[in-house]
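Have a look at the structure below, then the notes.
The values are calculated or read from the model by the stated rules, or taken from the named source; none is laboratory data. The shown structure was predicted, so the numbers you read here are calculated from the model rather than taken from an experiment. Ideal geometry is used to build each Cβ from the backbone, glycine not excepted, and the neighbour counts take in all protein chains shown.
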Amino acid sequence: MRLDLTGKVALVTGSTQGIGQAIAAGLARAGATVAVNGRKADGVAAAIKSLGDGEFIAAPGDVSTEDGTRQVLDVVPSVDVLVNNLGIFGSQAPLEITDDEWRRYFEVNVLSAVRLTRAYLPGMTERGWGRIQYIASDSAIVTPAEMIHYGMSKTSLLAVSRGFAKHAAGTGVTVNSVIAGPTHTGGVEDFVYELVDKSLPWDQAQREFMLKYRPQSLLQRLIEPEEIANMVVYLASPLSSATTGGALRVDGGYVDAILP
């Protein structure tokens, strides 16, 4: 299959590192001009430098806020592909999660995506082509006891995605969620070491984490960011034209179900 996005403009939120950066690289390899987003201009510039070959636009701004979103929209007023990747996560005892933390997880993980969808979807429908994606998580389906607030936000994204897909019905715009399983990023390494012995070497710490906290994974390892990006690039391409309103799993078989 040839995943050709030549002439398309894509925005990937939270793309200075981890899964977002891998998605930005994948879209650029497919020919898209990719707007790289992060809160700080210097971080965005460093990420673009590390990405190497490809066409990139620096689009700094904290899209979890209205002001930051306007900053991004000023630089990238129109896109063909929107990948709502920005997200925060962390472990917290359920009864210790404060009201402010519940709000923060919703505003960063959910409302940022809603706000950008609201901004870009009308232009896509006018042009008769577009791709919107939300990077969800296995935690949307299998709510982890140690991070209920995170699970709540990812479950919300599945509802948001399905609802906007219905709104875009018949327009040539597709809207989907990608359910990412436990993935190897710098942030996840820190999270793993919150839960297992910090003195363990990484390979051993990862194995202990998967066996104790994610034993249902069929891969029995963390997923690499590029493996998530492969699905996102396909969904962004013209070849995915009949896939919309879906929640597609790249979870290493973590969710024990045939359907999401």
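Within the stretch 3-24, is there a residue that is within 20 Å of residue 154 (Cβ to Cβ), among the small types (Gly, Ala, Ser), in a loop (DSSP other than H, G, I, E, B) and in contact (Cβ under 8 Å) with a residue 12 or more places away in the chain? Yes, the stretch 3-24 has at least one match. Residue 26 meets each of the listed conditions (1) over 22 Å from residue 224 (Cα atoms); (2) out of contact with any Gly (no Cβ under 6 Å at 6 or more places or on another chain) apart from (1). Does residue 142 meet the test of being β-branched (Val, Ile, Thr), out of contact with any Ser or Thr (no Cβ under 8 Å at 6 or more places or on another chain) and either surrounded by fewer than 22 Cβ atoms within 10 Å (Cβ to Cβ) or farther than 11 Å from residue 157 by Cβ (or both)? Judged against the criteria, residue 142 is a match.
Quick check on the stretch 232-252: of everything there that is within 15 Å of residue 175 (Cβ to Cβ) and among the aliphatic types (A, V, I, L, M), which residue is farthest from the chain's Cα centre (by Cα)? Taking the candidates together, the pick is 242.
Here is a yes/no grid of residues against (1) surrounded by fewer than 16 Cβ atoms within 10 Å (Cβ to Cβ); (2) modelled with pLDDT of 95 or more:
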position: 151; (1), (2): no, yes
position: 168; (1), (2): no, yes
position: 176; (1), (2): no, yes
position: 182; (1), (2): no, no
position: 185; (1), (2): no, no
position: 191; (1), (2): no, no
position: 216; (1), (2): yes, no
position: 225; (1), (2): no, yes
position: 228; (1), (2): no, yes
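Looking across the stretch 152-172, the residues that are in contact with a Ser or Thr (Cβ under 7 Å, 6 or more places away or on another chain), hydrophobic (A, V, I, L, M, F, W, C) and more than 28 Å from residue 97 (Cα to Cα) come down to 164, 165, 168.
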